[in-house]
1. Is the stretch 140-163 home to any residue that is free of Cβ contacts under 8 Å to residues at least 12 places away in the same chain and either aromatic (Phe, Trp, Tyr) or near ligand 1 (Cβ under 9 Å from one of its atoms) (or both)?
2. Leu184: surrounded by 14 or more Cβ atoms within 10 Å (Cβ to Cβ), over 14 Å from the mean Cα position of the chain (by Cα) and at pLDDT 95 or above, yes or no?
3. Answer yes if at least one residue in the stretch 136-156 is within 17 Å of Leu10 (Cα to Cα) and aliphatic (A, V, I, L, M), and no otherwise.
4. Which residues, taken from the stretch 13-69, are part of a loop (DSSP other than H, G, I, E, B), more than 15 Å from the chain's Cα centre (by Cα) and among the polar types (S, T, N, Q)?
5. Could you tell me which of the residues Glu157, Glu192 is surrounded by 13 or more Cβ atoms within 10 Å (Cβ to Cβ) and either of a type in the set (Val, Ile, Thr) or outside any loop (DSSP other than H, G, I, E, B) (or both)?
6. How many of the residues making up the stretch 74-103 are within 16 Å of ligand 1 (Cβ to nearest atom) and farther than 22 Å from Leu125 by Cα?
7. Any residue in the stretch 155-171 that is more than 21 Å from Glu75 (Cα to Cα), of a type in the set (Asp, Glu) and within 14 Å of the chain's Cα centre (by Cα)?
8. Within the set of pairs 6+ apart or on separate chains, which have a first residue in the stretch 30-58 that is among the polar types (S, T, N, Q), a second that is surrounded by fewer than 14 Cβ atoms within 10 Å (Cβ to Cβ) and at pLDDT 95 or above, and C-beta atoms under 7 Å apart?
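The values are calculated or read from the model by the stated rules, or taken from the named source; none is laboratory data. Here the structure is a predicted model, which is why all the values come from computation and not from measurement. All Cβ positions, glycine included, derive from the backbone under ideal geometry; neighbour counts span all protein chains shown.
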Amino acid sequence: MDRTGLLIILSSPSGAGKTTLARRLIDWDPTLAFSVSATTRPPRPGEVHGRHYHFTTREDFAQQAGDAQMLEHAEVFGNLYGTPRAPVEAAMQAGRDTLFDVDWQGGQQIRASALGGHVVSIFILPPSLAELERRLISRRQDAPQVIAARMSKSRDEISHWAEYDYVLINDDLDTSFQQLVAILTAERLRRERQKGLGTFVKALMEG
Ligand SMILES: Nc1ncnc2c1ncn2[C@@H]1O[C@H](COP(=O)(O)OP(=O)(O)OP(=O)(O)O)[C@@H](O)[C@H]1O
Ligand SMILES: Nc1nc2c(ncn2[C@@H]2O[C@H](COP(=O)(O)O)[C@@H](O)[C@H]2O)c(=O)[nH]1
């Protein structure tokens, strides 16, 4: 059935599991597009330019944001992050759903944009702050002071949980993944999103 692509926003405090869940969702449905953000953060070991992020300078970032090439942008943990607009619009027009891993500021801006009617937003909570810290440490990607800074902002991020359509507690990863699949499946089936439904039902009744 023909439909416009959804914008599926995942937000959480750093380390709660957005990236892990987004990757599993894309493995489950490879037609999902992942919105590759631009950032001024330096790459972590193993991160690939153009796949995980578009790594850029503050000057380039400011120019893109000034030219309205970003759907949203924000400063997070002292670095700039933003969503390039063109790939999102192209995916939507092609009927492909796009996944976003953005903070609460990005979530607010995308919801308030002209594309806001196509947003499905999901907030991911950790089972506890102690487990959140354990995950950030066990990821082995950030220096102890970076982890401390992210933990110190975790309550700020969590305070935005009620702005989201859905809230998951990511305790058991398989359960969270199944819950995400359930959300996506139900949202795709919403009556108003299935463009050809009226025509289909008319033909069904005449048949
Ligand atoms: N349900 C879970 N149980 C145990 N470990 C988990 C679970 N979900 C994610 N993790 C682990 O926690 C760590 C952080 O996960 P991830 O990188 O996906 O978080 P994130 O929300 O994307 O963080 P950031 O906002 O910093 O990008 C990873 O090592 C991941 O394997
Ligand atoms: N507003 C936006 N936030 C973004 C974007 N891309 C990522 N993020 C958020 O930044 C933090 C840190 O990410 P990390 O990769 O450095 O761990 C995390 O909360 C992401 O959700 C974006 O384009 N816009």
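1. For the stretch 140-163, residues free of Cβ contacts under 8 Å to residues at least 12 places away in the same chain and either aromatic (Phe, Trp, Tyr) or near ligand 1 (Cβ under 9 Å from one of its atoms) (or both): present.
2. Values: surrounded by 14 or more Cβ atoms within 10 Å (Cβ to Cβ): yes; over 14 Å from the mean Cα position of the chain (by Cα): no; at pLDDT 95 or above: yes.
Answer is no for this residue.
3. Scanning the stretch 136-156, I find no residue that is within 17 Å of Leu10 (Cα to Cα) and aliphatic (A, V, I, L, M), so the answer is no.
4. Across the stretch 13-69, the qualifying residues are Thr31, Thr40, Thr56, Thr57, Gln69.
5. On the way: Glu192 fails: surrounded by 13 or more Cβ atoms within 10 Å (Cβ to Cβ).
Exactly one of Glu157, Glu192 is surrounded by 13 or more Cβ atoms within 10 Å (Cβ to Cβ) and either of a type in the set (Val, Ile, Thr) or outside any loop (DSSP other than H, G, I, E, B) (or both), namely Glu157.
6. Just the residues of the stretch 74-103 that are within 16 Å of ligand 1 (Cβ to nearest atom), to begin with: 74-83, 99-103.
When the remaining residues are screened for being farther than 22 Å from Leu125 by Cα, the result is 78-80, 82-83.
Result for the stretch 74-103: 5.
7. Looking through the stretch 155-171, at least one residue is more than 21 Å from Glu75 (Cα to Cα), of a type in the set (Asp, Glu) and within 14 Å of the chain's Cα centre (by Cα).
8. Thr39/Asn79; Thr40/Thr57; Thr40/Arg58; Thr40/Asn79
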